[in-house]
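Please treat every number below as a calculation from the coordinates, not as lab data. As the structure is a prediction and not an experimental result, all values here were calculated from the model. Here the Cβ is made from the backbone with ideal geometry for all residues, glycine too, and neighbour counts use every protein chain on show.
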Amino acid sequence: MAEFLKEQAETLRQKARKHLQGIVRKHVAAMGNAINENAIRETIARAIPDFFEPELIEMARVFDQRVTTSNIASFFKMLYKTVLQKIH
């Protein structure tokens with residue numbers, strides 16, 4: 001499960017990096033020679049929650065599903081072992 005979470009986090013980092021770099025490129029191109037770093041920072045600061053909120057909601061849903069599936073599988077493995085012990 002930890003490995004799955006690491007993979008999900010890395011995927012999210014790459015996706016966020018690409019998204020935020022796109023925002024920076026767009027603003028730098030629009031500013032021409034008059035680059036305003038504060039305006040770019042403010043734009044990125046506003047974009048971060050808009051990007052991450054739906055991503056993290058989806059990640060939590062997938063993780064919850066994985067944990068539930070894992071718990072069910074663990075329960076049935078334990079039940080199977082218990083039944084086998086009682087049979088033998």
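Principal-axis analysis of the Cα atoms of the chain puts helix 2-31 at an angle of about 10° to the longest axis.
Counting only Cα atoms, I'd like the Rg/Rh figure for the chain, Kirkwood definition for Rh.
Rg divided by Rh gives 1.36.
Only Lys, Arg, Asp and Glu carry charge here, each on its Cβ (+1 for the first two, -1 for the last two); on that basis region 1-81 has a dipole of about 220 debye about its Cα centre. Under a 10 Å cutoff between Cα atoms, tell me which one of ILE44, ILE57, ILE72 has the largest fluctuation in the Gaussian network model of the chain. Comparing ILE44, ILE57, ILE72 in the GNM, the peak value goes to ILE72. Work through the residues other than PRO49 whose Cβ is under 14 Å from its Cβ and net out their charges, Lys, Arg +1 and Asp, Glu -1. Taking every Cβ under 14 Å from that of PRO49, the sum is -3. Residues in region 52-57 carry Karplus couplings, in order, of 6, 4, x, 5, 6, 4 Hz; the curve used is 6.51 cos²θ - 1.76 cosθ + 1.60 with θ = phi - 60°, and Gly or Pro positions show x.
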